[in-house]
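*Asks:* Input: one structure, supplied below.
All of the numbers you see were taken from the coordinates with simple rules; none came from a lab. What you see is a predicted model, and the numbers here were worked out from it, not measured in a lab. Because the Cβ atoms are built from the backbone with ideal geometry, glycine has one as well, and the counts that use them run over all protein chains shown.
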Amino acid sequence: MARYQREGIYKDLMEIGWFKRVVKWRGLQFTLMATMLFFFTIILLTGLLGTPIGGSNMGSTFTWLLWWPLIPVTMLLGAKIWCLMCPWIAPAEWLQRMSLWWKGKRTLSLNLKVPKFMRNFWLMLVLFLTLHWADATFHLAARPESTLYLALTLFTLAILVSLVFEKRSFCRYFCPVGAIISPYAMVAPIELRNRDPEICHACKTRDCVNGNEKGYGCPMMTHPYATDRNTYCLMCTECIKTCPNDNIAINIRKPFLDIYKEGVGFLKTKDVSQSLSFIIVFLLGIVPFHNLEMTPYYMDFEMNIAMGLGVSQTVIRTIAMISIGLLPVGIYLVFLLISKKMIGNSQYSLRSMFTWFAMPFIPIAIALHVGHNYFHLLEEGTAVIPVLSDPFGFGWDLFRTAGANVTIVPGNTVSILQLSTVGFGVLASAYLLYRLPKNMFADGRQALRATVPMVLLLVGLASFYFWVLTIPMATRF
Amino acid sequence: MKKIFLLLTLLCVVAAGGVSLPVLAAGEHDPIFQVEFSSAPRFPIVGQEAELTFKISSMDGNPLAGQSVMIMIEKKDTAGHGHEEDGEHEDEEAPAGGHDMANMGGGEEEPPPMIHLVPDEVSPGVYAGEVTFEQGGRYIATVNVMGEEVDVVIGVRSSPVAWWFVGGLAGLVTLLAGTVAVTKTVRRTW
């Protein structure tokens with residue numbers, strides 16, 4: 001049988017024998033989730049019983065100096081690989097399925113479908129912003145007990161949603177981290193797709209959707225036989241286990257392929273929605289704001305404005321957060337209008353252009369996010385080494401690192417890494433602004449005219465981001 | 001004669017260096033005592049009286065009994081700064097209310113006044129006193145004995161564990177899980 005070869009694919013990892021056996025093993029996801037849940041439980045206990053000094057408590061340091069900064073890094077390299085082992089959903093899913101790793105026959109859930117008006121990314125964006133706001137207002141990072149309460153709230157929310165709605169409705173519509181994971185996953189050099197679409201076309205059982213005795217149907221309510229983007233795929237590998245034709249591949253591929261690839265069809269995919277595009281544009285403002293609010297200049301500004309207006313700093317920060325998030329949306333709309341004017345063609349609505357032209361800005365958004373997190377990981381993150389030996393702050397020294405004062409890289413190196421990462425993000429976005437319009441517009445000149453304002457917007461964003469990164473940030477602890 | 005003179009000079013220089021270098025390397029001066037801190041509860045809670053215990057001993061471990069001990073407790077949340085433009089990395093103790101993330105936002109509260117504690121000697125070398133903290137966070141207790149000072153870090157909880165919140169979440173989950181189970185049993189939709 002001739003092997004179907006898709007464009008941009010380097011290697012199908014399922015061709016590697018041991019890898020295939022591991023992926024098809026029913027206990028894979030349970031093992032990973034249980035391991036993460038174990039560490040998560042320790043983190044919860046340190047929040048409950050450990051020192052209230054954030055920088056000396058494993059709960060705070062591991063959550064906000066390791067896990068949170070590593071999220072966008074894992075997305076960049078492994079799509080939604082974190083979701084494969086996410087501990088938040090673990091108890092909820094096990095309770096819902098009434099099983100741990102085996103295929104259960106019953107579910108403890110009403111299995112309702114999420115209402116249609118909620119089947120988008122808006123709620124996730126609101127929850128993500130709420131989390132961000134709570135972090136700044138209640139000092140989640142500096143106060144271990146706040147991290148504890150946040151974690152318990154998310155656990156509970158996941159369980160409640162899973163008891164009412166079907167499958168992984170929490171992951172698809174409620175998870176606050178999903179708001180950033182979903183767009184970022186599209187740039188990753190890995191994907192889970194059907195190997196040969198003709199085989200899927202001929203398949204009558206659609207076990208990847210409905211499940212069978214070997215596993216569950218796709219928990220994200222997608223159709224793996226037709227998935228063409230990483231937006232929703234959790235890499236849970238259920239479809240690999242259930243596919244009767246062994247037709248699901250895990251491909252190493254060209255990065256950014258989800259954004260510009262040929263043959264998808266303009267707006268013919270449901271994996272890209274206006275709400276997702278809104279999140280991308282919103283992130284273009286929120287990420288630099290997160291950087292700015294950790295600088296002394298912003299802290300002074302907020303304090304002075306609050307005192308001048310006679311309101312609390314919380315009010316000022318809330319307004320600033322929403323305004324700076326909406327500002328790029330407004331600017332983006334202006335540039336879109338200019339683009340639309342320049343192409344002089346009403347074939348494409350502003351709405352469709354809003355949805356699609358947001359895609360090329362994903363690389364610069366994730367690049368700034370990763371660049372910002374270099375500071376947390378490489379400078380602040382060394383605090384996890386002494387904390388590892390004394391997770392509760394009781395004065396232990398389990399691994400003889402309690403007194404360690406480690407410097408991974410000098411401060412200058414972090415700056416260089418940040419600027420070069422954002423630089424790479426700018427180049428990637430520029431490349432996508434070259435490739436994507438060629439698939440959007442039949443006429444090359446039309447594509448060029450439409451793209452010019454977007455390139456100018458990219459240059460403006462890049463300048464702003466480079467400036468933001470040069471401002472020294474205060475640490476979390 | 002000249003050779004003897006040079007040799008003696010060289011010996012003096014070596015001797016002086018041998019004496020002064022360790023002194024220079026030791027810094028200003030070595031502490032003459034050490035402090036082992038504990039409290040009841042383990043981490044003091046805002047608004048609740050906590051017993052702070054300081055076990056003071058000499059560097060060779062002998063308890064320092066009968067000393068006049070003065071302790072000053074001040075809130076000091078760490079405020080580090082990231083890399084500066086010239087690549088330097090500073091870490092400095094910020095006074096409470098200064099520029100650091102932990103003091104942002106609700107950070108409109110005034111820093112609490114310094115606490116002066118004169119503990120009682122409850123047993124040879126063990127000094128204890130009661131303190132009620134007004135704010136949560138990181139405190140530095142400066143223990144002054146015989147004019148020498150040693151710092152001890154004290155972490156203070158903003159509030160006790162909100163068991164009502166934890167219990168409430170657990171109750172909510174149990175209630176909903178039970179409701180779903182009953183519903184599915186009645187409808188026979190397992």
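*Asks:* Starting from the Kirkwood Rh over alpha-carbon pairs, what translational D in µm² s⁻¹ does region A:269-396 have by Stokes-Einstein at 20 °C and 1.002 mPa s?
*Replies:* D = 121 µm²/s.
*Asks:* Over region A:36-164, what portion of Cα pair distances is larger than 16 Å, expressed as a whole percent?
*Replies:* 70
*Asks:* Next question. Under a crude label model (7 Å from the Cα following the beta-carbon direction), how far is A:VAL455 from A:GLN274 in nanometres?
*Replies:* 2.9
*Asks:* So if we plug the beta-carbon distance of A:LEU350 and B:ALA40 into 1/(1 + (r/R0)^6) with R0 = 60 Å, what FRET efficiency do we get, rounded to 0.05?
*Replies:* Computed FRET efficiency for A:LEU350 and B:ALA40: 0.35.
*Asks:* When the distances between all Cα atoms of region A:1-96 are binned every 5 Å from zero, what whole-number percent does each bin get?
*Replies:* 2, 11, 14, 18, 17, 14, 10, 6, 4, 3, 1, 1, 0
*Asks:* I need the calculated FRET efficiency for the pair B:ARG188 and B:ASP60, taking r as the beta carbon distance and R₀ as 60 Å, to the nearest 0.05.
*Replies:* Details: r = 78 Å, r/R0 = 1.29.
Approximately 0.20, to the nearest 0.05.
*Asks:* Calculate the tail of P(r) for region A:157-273: the fraction of all Cα-Cα distances greater than 22 Å, expressed in %.
*Replies:* Roughly 36 percent, rounded to a whole number.
*Asks:* What spacing in nm lies between the two simple spin-label points modelled at A:TRP133 and A:THR41, each 7 Å away from Cα in the Cβ direction?
*Replies:* 3.5
*Asks:* Could you compute the FRET efficiency for A:GLU15 and A:LEU448, with r as their C-beta to C-beta distance and R0 at 41 Å, rounded to 0.05?
*Replies:* Numbers: r = 41 Å, r/R0 = 0.99.
With a Förster radius of 41 Å, E is 0.50.
*Asks:* For B:LYS76, give me every one of the lysines with a C-alpha distance below 25 angstrom, ignoring sequence neighbours fewer than eight places off in its own chain.
*Replies:* Reachable lysines: B:LYS55.
*Asks:* Can you spot the lysines whose alpha carbon is less than 25 Å from B:LYS184's alpha carbon? Ignore those fewer than 8 places along the same chain.
*Replies:* A:LYS103, A:LYS105, A:LYS113, A:LYS116, A:LYS167, A:LYS214
*Asks:* Rounded to the nearest 5, what % of DSSP beta bridges with both residues in chain A are antiparallel? It would help to have the intermediate numbers written out before the result.
*Replies:* On the way: 9 of 10 bridges.
Just about 90 percent of them are antiparallel.
*Asks:* Counting other Cβ atoms within 10 Å, which trypsin sites (Lys or Arg not before Pro) in region A:391-445 have at most 13 and lie in a DSSP loop?
*Replies:* Filter output for region A:391-445: A:ARG400.
*Asks:* When averaged across all projection directions, what area in nm² does the alpha-carbon convex hull of region A:131-171 cover?
*Replies:* Hull-based average projected area comes out at 3.0 nm².
*Asks:* Could you state the number of Å between the C-alpha centres of region A:271-317 and region A:398-471?
*Replies:* Taking the Cα centre of each part, region A:398-471 and region A:271-317 sit 20 Å apart.
*Asks:* Normalised by the number of residues in region A:1-140, what is the relative contact order in percent for Cα pairs under 8 Å and 6+ residues apart?
*Replies:* Here the relative contact order equals 20 percent.
*Asks:* Let me ask something else about it. How much length is gained on full extension from A:SER312 to A:SER99, taking 0.36 nm per residue of separation minus their Cα-Cα distance?
*Replies:* Net length gain for the segment: 71.8 nm.
*Asks:* While we're looking at this one, here's another question. Which residues in region B:148-190 place their backbone N less than 12 Å from a point set 7 Å from the Cα of B:THR53 along the Cα-to-Cβ direction?
*Replies:* none
*Asks:* If you put +1 on each Lys and Arg Cβ and -1 on each Asp and Glu Cβ, how big is the dipole of region A:93-251 around its Cα centre, in Debye rounded to 20?
*Replies:* The dipole of region A:93-251 has a size of about 460 debye.
*Asks:* Would you kindly enumerate the cysteines in chain A that have no other Cys beta-carbon under 4.7 Å from their beta-carbon?
*Replies:* A:CYS83, A:CYS86, A:CYS171, A:CYS175, A:CYS200, A:CYS203, A:CYS218, A:CYS233, A:CYS236, A:CYS243
*Asks:* Under a plain spin-label model, where a point goes 7 Å from the Cα along Cα-to-Cβ, how far apart in nm are B:HIS116 and A:ILE305?
*Replies:* Going from the B:HIS116 label point to the A:ILE305 one covers 4.2 nm.
*Asks:* A further question follows. So what's region A:300-360 giving for Cα Rg divided by 2.2 N^0.38 Å, two decimals?
*Replies:* Output field value: 1.69.
*Asks:* Another question, if that's okay. Place a point 7 Å from the Cα of A:LEU112 along the Cα-to-Cβ direction; which residues of region A:163-187 have their backbone N under 13 Å from it?
*Replies:* Backbone N within reach: A:163-166.
*Asks:* A further question on this structure: Placing +1 on the Cβ of each Lys and Arg and -1 on the Cβ of each Asp and Glu in chain A, which of A:PHE38, A:ALA249, A:ASN405 has its Cα farthest towards the positive end of the resulting dipole?
*Replies:* A:ALA249
*Asks:* Still on this model: Based on Cβ point charges of +1 for Lys and Arg and -1 for Asp and Glu, what charge dipole magnitude is obtained for the protein assembly as shown about its Cα centre, in debye rounded to the nearest 20?
*Replies:* My answer is approximately 5300 debye.
*Asks:* Do you know the relative contact order of region A:335-473, to the nearest whole percent, from alpha carbon pairs under 8 angstrom that are 6+ apart? Before the final figure, lay out the partial values.
*Replies:* Numbers: 139 pairs, mean separation 46.6, N = 139.
Across region A:335-473, relative contact order equals 34 percent.
*Asks:* If all Cα-Cα distances of chain A are sorted into 10 Å bins from 0 onward, what percent lands in each bin, rounded to whole numbers?
*Replies:* 4, 18, 28, 27, 17, 5, 1, 0
*Asks:* Dividing the convex hull volume of the Cα atoms of region A:162-220 by its residue count, what figure in Å³ per residue is obtained?
*Replies:* Details: hull volume 7.2 nm³, N = 59.
Each residue corresponds to 123 Å³ of Cα convex hull volume.
*Asks:* Looking at region B:128-187, I'd like the Rg to Rh ratio, where Rg is from alpha-carbon atoms and Rh is Kirkwood's inverse mean 1/r.
*Replies:* In region B:128-187, Rg relative to Rh is 1.47.
*Asks:* Another question, if that's okay. If the cut-off is a Cα-Cα distance under 27 Å, which lysines reach A:LYS438, setting aside same-chain residues fewer than 8 apart in sequence?
*Replies:* A:LYS11, A:LYS254, A:LYS261, A:LYS268, A:LYS270, A:LYS340, A:LYS341
*Asks:* Another question about this same structure. Over region A:368-447, what is the mean sequence separation of C-alpha contacts under 8 Å (at least six apart), divided by residue count, expressed as relative contact order in percent?
*Replies:* Numbers: 64 pairs, mean separation 24.3, N = 80.
With pairs under 8 Å counted, the relative contact order is 30 percent.
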